[in-house]
1. If you check A:I21 against the conditions, is it within 12 Å of ligand 2 (Cβ to nearest atom) and in contact (Cβ under 8 Å) with a residue 40 or more places away in the chain?
2. Report yes if A:R85 is away from ligand 2 (no atom under 16 Å from the Cβ), of a type in the set (K, R) and more than 14 Å from chain B (Cβ to nearest Cβ), otherwise no.
3. Please go through the range A:176-199 and give me each residue that is of a type outside the set (K, R), under 17 Å from A:L41 (Cβ atoms) and in contact (Cβ under 8 Å) with a residue 40 or more places away in the chain, ordered by number.
4. Spot the failing condition for A:V169; the list is (1) within 16 Å of ligand 2 (Cβ to nearest atom); (2) within 21 Å of A:A115 (Cα to Cα); (3) aliphatic (A, V, I, L, M), and only one is missed.
5. Restricting attention to the range B:222-231, does a residue exist that is modelled with pLDDT of 90 or more, out of contact with any Phe, Trp or Tyr (no Cβ under 6 Å at 6 or more places or on another chain) and surrounded by fewer than 17 Cβ atoms within 10 Å (Cβ to Cβ)?
6. So is A:K121 away from chain B (no Cβ under 14 Å) and closer than 19 Å to A:M22 by Cα or not?
7. For the range B:338-353, state whether one or more residues are within 14 Å of chain A (Cβ to nearest Cβ) and either surrounded by 22 or more Cβ atoms within 10 Å (Cβ to Cβ) or at pLDDT below 95 (or both).
8. Yes or no: B:G144 more than 23 Å from B:S356 (Cα to Cα), surrounded by 20 or more Cβ atoms within 10 Å (Cβ to Cβ), at pLDDT below 95 and touching a helix residue (DSSP H, G or I) at 6+ places or on another chain (Cβ under 7 Å)?
Amino acid sequence: MSKISITINDEPYKVESGQTIMEACKEHNIKIPSMCHFDGLTDVGACRLCLVEIEGQSKLLPSCTTQVEPNQKIRTHSDRLSGHRQMITELFFSERNHVCAVCVANGNCELQDLATEVGMKHVRFPYLFQECEVDASHAMFVIDHNRCIMCTRCVRVCSEVEGAHNWDVKNRGYKVRIISDFDTPWGESESCTSCRKCVEVCPTGSLWSKDKAQGQSKKNPQMIKDLIEKRKVNL
Amino acid sequence: MGKEILIHPVTRIEGHAKITIQLDDSGQVSDAIFHVNEFRGFEKFCEGRYYTEMPVITPRICGICPVSHTISSVKACEMIQQIKIPRTAELLRRVIQQAQLISSHALSFFHLSAPDLLLGWDSDPATRNIFGIAEKDPDLGVRGIRLRKFGQEVSERITGKKIHIMGIVPGGMSYALTKENRQAILDWIPEVLETTHMSIDLLKKYHADHTDMVNSFANIESMHMGLIADDGSHELYDGRIRLVAANGDIVADRLNPLDYHQFIQEKPVSWSYLKSFFYKPMGYPDGIYRVGPLSRLNVIDRMKTPQAQKEFEEFRALGQGRPVHGNFYYHYARFIEILAGIEEIEQMMKDPDILSTDIQTHASRNQPEGIGCCEAPRGILFHHYKTDPDGKLNQIDFLIATGQNNPSMNQAILDVARQYVKGDHIEEGALNRVEGAIRCFDPCLSCSTHALGDMPIRIELKNSQGEVIQRIARG
Ligand code: SF4
Ligand code: FES
């Protein structure tokens, strides 16, 4: 693939054409906050945390789904972007019921890390206090919709890596929910292979394993990334 | 219709409680009611959660006795799982439970009660606090603070956290104890033992100097309930229940905590969110009983360790063959328990199994229902869970010590009020004694943990038309 010249935060770089801005940044150790992106899975641009400024464009664009172009001038960090990232994070917290103190993922949660990363001090928006279901019907796992941020990593890892496509999405707006099979209890799923991949990629305590007590849940997303790499090699 | 004196801690944001003293037409105290206006709703909002989450959710009920909630909760979960935990895990839990008891009792005495005792009931409220003690007797003040810290540090050295600890999980423990941490705990022991003996001496001197007051202070007679070990010794973690009558006769023995609903009944009252409990076979009010440090020492046959046993014998001699009823002796009882706690922690720290890493067993839901019981600093605590086929909770019941003490607490307030409140005039010092009677029970409300200064209080004296004829406020 051919190399093209771009500018990121006023520094010139040579990057592969066809790469996304996020990939190019990662290669050059420029960290952009992200949540729905997961290495090796199709990007969907759902969370909007990875938005960047591109000179000549009034709109902010998600770096995970926008490709690099010759002579592009990109800005990954600015006051404007920080403001948006902080707001998005606060909205995650206000939309459902995140109670870190009693969550399995406490201390091992990407949403908590994100809040620290973007400097969230408190939530400026009113909480929705939506009533969300806890589905514990699966013999080994639980999905707690209170803690889901709709990144859809579980949907994609199940479909693209395991090939089972147990997970899907229903509704729109704040009523959007992850569903199992055709919106049936997870324990009754005919497609779920109980492979646990969704649990490992879930950034929050939404998907968790019944054999882990509070504070014992250590997710291993790297294992799934390695698996994706290994499967590519075998192809 | 007589007059009503209202003692109302108004300025605290949480843990609201107020006291109403009812006067009859002749100005005599006719009734006293302790109101708890706080509604937490844990039993309701935990419905629908997966049962294994409870050991982490329920300790949030309280910042002073969170470990007891964790232990009762985790035992209920283990009953659902039909699982036995490794011996080391039980030892570590017992150590943490003793550590919490020491912290809680030290807080109750040094931060809340000692200012009244050592500085005088009627001394200046501005300095009647732990700092006032530290000023008057710097060594004792610091020792008191460090005794409480010892308990917290033991928890931290085992689980990494001082207060809402994470390591107690269904099946056992998450973290094993390290050699360094064991040593650090052992190194503290001589100092805290010395502090405890100093405090006991101090209390005994106080008893001797104020015999009349001590013996007449809210000296209500009631039944006592507490856990006892198989051999009849003092027990916090496991064991069976014994109930003794006001005269010391054993009313019921070796009751299985799992059958608690067969012998304990609750009575919701209109004036409070705190339910009142009584011993079912005897009905209300005959079945009123107390739980907590005093009750535990009144039901058991002996302590597990030598120094505590020696004090226990002196304590029981006070009752001359009957239980020790005086509310003032709660302080003594707490220090005997602190002493036992320190001695037992030392023994367990020296147990060869304590450093083992075999600390957790695993199982899933093997039956729908679980009950867990242990002794919290303030008395027996039950957690009762029922789950649906998925393991989600559909019925939750907590039976908390302060609820079991509620009827006796009202009696104690009435008793003090009868002695100190006469007519339609009420003095600050008398109020302290009403408040002090409540503090003896160490009720688990944040108003009773108001570490600096006094409970903010407002007293309103109302006539039969409901008009306020006198108002006294402080705090
Ligand atoms: S369950 Fe987890 S992985 Fe799935 S969408 Fe929600 S947060 Fe993302
Ligand atoms: S990571 Fe790009 S939109 Fe979520």
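1. Against the criterion (within 12 Å of ligand 2 (Cβ to nearest atom) and in contact (Cβ under 8 Å) with a residue 40 or more places away in the chain), A:I21 qualifies.
2. The answer is no for A:R85.
3. Scanning the range A:176-199 gives A:C198, A:V199.
4. Exception for A:V169: condition (2).
5. Within the range B:222-231, one or more residues are modelled with pLDDT of 90 or more, out of contact with any Phe, Trp or Tyr (no Cβ under 6 Å at 6 or more places or on another chain) and surrounded by fewer than 17 Cβ atoms within 10 Å (Cβ to Cβ).
6. So A:K121 does not fit the description; no.
7. no
8. Considered against the rule, which asks whether it is more than 23 Å from B:S356 (Cα to Cα), surrounded by 20 or more Cβ atoms within 10 Å (Cβ to Cβ), at pLDDT below 95 and touching a helix residue (DSSP H, G or I) at 6+ places or on another chain (Cβ under 7 Å), B:G144 comes out as yes.
The values are calculated or read from the model by the stated rules, or taken from the named source; none is laboratory data. None of these values were measured; they are calculated from a predicted model. So basically every Cβ, Gly included, is an ideal-geometry build from the backbone, and we count neighbours across all protein chains shown.
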